[in-house]
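Colleague: Let me give you the structure first, and then I'll get to my questions.
The values are calculated or read from the model by the stated rules, or taken from the named source; none is laboratory data. What you are looking at is a predicted structure, and each value in this text was computed from that prediction instead of being measured. No Cβ is skipped: glycine too gets one built from the backbone with ideal geometry, and neighbour counts run over all protein chains shown. The accessibility values were calculated without ligands, DNA or RNA, using every heavy atom of the protein model including side chains. Shrake-Rupley method; radii C 1.70, N 1.55, O 1.52, S 1.80 Å.
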Amino acid sequence: MAEKKTVWTKKDLLGLEYLSKEEIELILYTAASFKEVTTRQIKKVPALRGKTVVNLFYEPSTRTRTSFELAAKRLSADVINIEIEASSVKKGETLIDTGRNIEALKIDIIVVRHNASGAPNILARSVKARVVNAGDGWHEHPTQALLDMLTLKSKLGRLEGLKVSIIGDIAHSRVARSNIWGLTKLGAEVTVCAPPLLIPDGIERMGVRVTTDVDEALKGADAINVLRMQFERDGALAFPSKLEYFKQYGITAERLKNCKKDIVVMHPGPINRGVEMSSEVADGKNSVILEQVTNGIAVRMAVLYLVAHAKGAE
Amino acid sequence: MTLKEKSKILDENSMAKTLERLAHEIVEKNKAIGDIAIIGIKNRGAYLGVRLAAKIEKIAGVKVPVGALDITLYRDDLTEASSQPVVHATEIDFDIGGKSIILVDDVLYTGRTIRCALDALIDFGRPSQIQLAVLVDRGHRELPIRADYVGKNVPTSLKEVIEVRLSETDGKDEVVLCEKKADVGDIGT
């Protein structure tokens, strides 16, 4: 039973870039404790009783929003979902004004997803309420990376020294960026792999190895995190066709034969079967995709608990 | 703030004897010893629970289920700005429904920890009864709670602190009465 001496002092969770190794470890330790709560018959504890959480989503999301909503409810908080089609943004209200109006309703925590990178940072500076980033533009998606790290840690027992390859559209991926920040801080060796046009300039400055050859990314890896190819959005410009992508970059059982036998296969969802990976791999014994979903609730419970009780952050 | 040791209340030997006596009392009071289960409150109560279970098994020849309870999420001071306790995992891998639960903690003081533990336990199921065993009762209750089994009653002042040290967490077994001493520069406390 490891005693953790770190104390959480941050008002907000905006990205893993801004956290120390110890703070990330504290979140993971707390999340591991919360996992037990989600296995109880009565999946509810009173830690956030009387607090109100708003899910402010400027981008459509079902899984992240549901996960945050469940996490808040399992901590006994009250939850309100504000979706953008139904809100006054269409009437021209700014993000800061929306934030201040939410705060005037005596809300304690705002979980925000926005299509603009940095929007949660702006919101956090403008309101006293705690702000949790649920994904902003191409910038960060910290809770996704944290749940990936929790899954890896519970599967492989450690993060330090692990070889993790992130494969797919790195350029447009906030999941990739948050994972790179988090994993490198905790001592994992990260490789990113994508078609040349989907590798952002200067990514190696984040301390990662870069390759365009998927078999090289797979070789020796303890785990892979396969990203969604967003052909409906930016990916279409960078790669000719889904079939072509699957041939060159898709993760198949055949490709996994040359890997470590117990390689861990992750995907943040939703999966494009037959584009990023075959069904055989997605449903295979190496896949932890559904465990990631379960761990997501524990991670979000931990984050909400920590920011709500941040020491000295007023 | 520093702690100044005033006197030793239990050493390794007397702690072992005290736990032995508590185990005998639990066996004596619970005729249906097969129905009991022990749940220790983290951190030190959990280790004491494991020790008591081993002793009960020796005395009564029955294996007693043991669990560990983390009460952080049930604390009534969570909303106070100064507190941010670390959440540890609760480990109860048996059904507590219908069981006589012996709740174990190291020190009984205000009773607030026990209140949390009762709330937490009842979220796990419906035990037939809950009894409380503590190594030290130091008084100053703020809630109507009492222990069924007490290792040692120690009258204390509010300036004093009871330090329970266990070999599992602190390298040795002892209970020490300490006094809080304000350091130069401390304001309040």
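Colleague: Please arrange A:TYR305, B:TYR47 by accessible surface area, largest first, computed with a 1.4 Å probe and ligands excluded.
Modeller: Numbers: A:TYR305 0, B:TYR47 55 Å².
Order by accessible area, largest first: B:TYR47, A:TYR305.
Colleague: Roughly how many nanometres apart are two label points built 7 Å out from the Cα toward the Cβ at B:HIS140 and A:THR94?
Modeller: 5.2
Colleague: Assuming R0 = 35 Å, can you tell me the calculated FRET efficiency for the pair B:SER157 and B:HIS24, based on Cβ-Cβ distance, to the nearest 0.05?
Modeller: 0.65
Colleague: Excluding residues fewer than 8 places away in the same chain, name every one of the lysines whose C-alpha is closer than 23 Å to that of A:LYS219.
Modeller: Answer for A:LYS219, where 23 Å is the Cα cut-off: A:LYS153, A:LYS155, A:LYS163, A:LYS185, A:LYS247, A:LYS257, A:LYS260, A:LYS261, A:LYS285, listed by chain and number.
Colleague: Within 10 Å of each Cβ in peptide A:293-306, how many partner chain Cβ atoms are there on average? Round it to a whole number, please. Each step should come with its number before you reach the end.
Modeller: Numbers: counts 0, 0, 0, 0, 0, 0, 0, 0, 2, 1, 0, 0, 5, 3.
The shielding value for this peptide is 1.
Colleague: Here's a follow-up. Where does each of A:35-41, A:128-134 land if you order them by average Cβ count within 10 Å, highest first? Spell out each step's value before the answer.
Modeller: Details: A:35-41: 15.0, A:128-134: 24.0.
Result, highest mean Cβ count within 10 Å first: A:128-134, A:35-41.
Colleague: For the protein assembly as shown, what percent of Cα pairs sit more than 31 Å apart?
Modeller: Summing the P(r) tail past 31 Å for the protein assembly as shown gives 53 percent.
Colleague: Hey, another quick one. Under a plain spin-label model, where a point goes 7 Å from the Cα along Cα-to-Cβ, how far apart in nm are A:GLU160 and B:ILE122?
Modeller: Each label point lies 7 Å from its Cα, and together they span 4.4 nm.
Colleague: Can you tell me the FRET efficiency between A:ARG273 and A:THR6 if r is taken as the Cβ-Cβ distance and R0 is 45 Å, rounded to the nearest 0.05?
Modeller: So the FRET efficiency works out to roughly 0.65.
Colleague: Tell me the label-point distance for the pair B:ASP170, A:LYS285, using the 7 Å Cα-to-Cβ offset, in nm and rounded to one decimal.
Modeller: 4.8
Colleague: Report the antiparallel proportion of the DSSP beta bridges in segment A:80-228 as a percent, rounded to a multiple of 5.
Modeller: Counting only bridges with both partners in segment A:80-228, antiparallel ones make up about 5 percent.
Colleague: Same structure again: Out of every Cα-Cα pair in segment A:9-82, what percent are more than 17 Å apart? Please report the intermediate quantities before stating the final value.
Modeller: Numbers: 1527 of 2701 pairs.
The proportion of pairs with Cα distances above 17 Å equals 57 percent.
Colleague: Looking at the calculated P(r) for segment A:96-232, what percent of the C-alpha pair distances fall above 25 Å?
Modeller: Of all Cα-Cα pairs in segment A:96-232, 34 percent lie more than 25 Å apart.
Colleague: On to the next question. What fraction of the DSSP beta bridges in chain A is antiparallel, stated in percent and rounded to the nearest 5?
Modeller: 5
Colleague: Let me ask something else about it. What's the lysine pair count for segment B:43-189 at a Cα cut-off below 30 Å, pairs eight or more apart or interchain?
Modeller: Taking segment B:43-189 as the scope, the lysine pair count is 19.
Colleague: Hand me the tally of lysine pairs in segment A:1-136: alpha carbons under 13 angstrom apart, and the pair either on different chains or 8 or more positions apart.
Modeller: Counting lysine pairs in segment A:1-136 gives 11.
Colleague: While we're here: Take every DSSP beta bridge with both residues inside segment B:66-150 and express the antiparallel ones as a percent of the total, to the nearest 5.
Modeller: 10
Colleague: Could I ask something else about it? Using r as the Cβ-Cβ distance of A:ASP262 and B:VAL50, and R0 as 45 Å, what FRET efficiency do you calculate, to the nearest 0.05?
Modeller: Here the calculated transfer efficiency is 0.85.
Colleague: Using just the Cα positions, wrap segment B:59-189 in a convex hull and report its mean projected area in square nanometres, one decimal place.
Modeller: Computed as one quarter of the Cα hull surface, the answer is 10.5 nm².
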